[in-house]
Amino acid sequence: MHRLYHYPLSPFSRKVRLVLAEKKIEVELAEERYWEKTPEFLRRNPAGQVPVLKIGNRLMPDSGAICEYLEETHPTPPLLPATPEGRYEARRLVAWFDDKFYHEVTSKLVGERVFRKVQGTGYPDSANLKAGTKAIKFHLGYMTWLLESRRWLAGNEMTIADFAAAAHLSCIDYISDVNWNAADSVKDWYAKIKSRPAFRSILADQVPGFPQPSHYADLDF
């Protein structure tokens, strides 16, 4: 069986978990406190980041490269569109969420509220929290704009872009920092995606010291 070294509130880990589950690839989850940078983990990935997928004796880091590999080796169901334009748009949005959204929102909200505590690096920085809270409004507005003309973020079929976005938003929803009432179309989109069987393990995550909010695993919010 494959093994995935991950951390429950890592959006990059969650994206890979969603792809594995959607493609019905069985995997053993191994939680990794990657910030401790143990010699054993650094041998798996010198970059010291999760996720790392182990297939046989091969160790594969980097969520983007892992997802591309899984798409090529397990093409059904497809998570990239059939056309070059569609694949471009899906990949563009993955980059949007894994780069821009992560640095402007996820790293500030989840980073300050959760990782400060679990890593023992002090109290939350109010300036970062304020910046993340402001930035998520912009991103929800952008997602709303996309969904006005599409069934899913990158087009009319679900793609890896939806999993990337849902991975980040699910981490933020775990700490109740998404105002779903301010973005009805995004809320409807998220309800669809979190109702998928692939999302079950994400909704079952428990982080010690941070209990799930009551709505987190509720498919009807």
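The values are calculated or read from the model by the stated rules, or taken from the named source; none is laboratory data. Bear in mind that the values here come from a model prediction, so they are computed numbers and not experimental data. Here the Cβ is made from the backbone with ideal geometry for all residues, glycine too, and neighbour counts use every protein chain on show. Surface accessibility is based on the protein's heavy atoms, side chains included, excluding ligands, DNA and RNA. Shrake-Rupley method; radii C 1.70, N 1.55, O 1.52, S 1.80 Å.
Tabulated values for the structure
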item: Average accessible surface area per residue within the stretch 18-62, 1.4 Å rolling probe, Å²; result: 59 Å²
item: Cα pair distances in the stretch 1-74, grouped into 5 Å bins until the bin that holds the longest one, percent each; result: 3, 18, 32, 28, 13, 5, 1
item: Dimensions (Å) - the stretch 146-221, Cα atoms, principal axes, largest first; result: 40, 26, 19
item: Share of carbon and sulfur in the accessible heavy-atom surface of the stretch 71-221 [1.4 Å probe, %]; result: 54 percent
item: For the stretch 115-221: accessible area per residue (Å², 1.4 Å); result: 49 Å²
item: Convex hull of the stretch 1-42 built on C-alpha atoms - directionally averaged projected area, nm²; result: 3.1 nm²
item: Volume per residue of the C-alpha convex hull in the stretch 35-102, rounded to whole Å³; result: 99 Å³
item: Point-charge dipole on Cβ atoms (K/R +1, D/E -1) for the chain, about Cα centre, debye to 20; result: 300 debye
item: Estimated distance in nm for a label pair at ARG200 and ALA82, the labels positioned 7 Å out from Cα along Cα-to-Cβ; result: 3.1 nm
item: Bridge type composition, the chain - antiparallel percent by DSSP, nearest 5; result: 60 percent
item: Computed over the stretch 86-170, Cα set: Rg, Dmax in Å; result: 14.4, 44
item: Segment ALA30-GLU148, extension gain: residue separation times 0.36 nm, minus the distance between their alpha carbons; result: 38.6 nm
item: The stretch 31-66 versus the stretch 81-134: alpha-carbon centroid distance in Å; result: 20 Å
item: Computed lengthening from ALA191 to ASN179, 0.36 nm per intervening residue step minus Cα-Cα distance; result: 2.9 nm
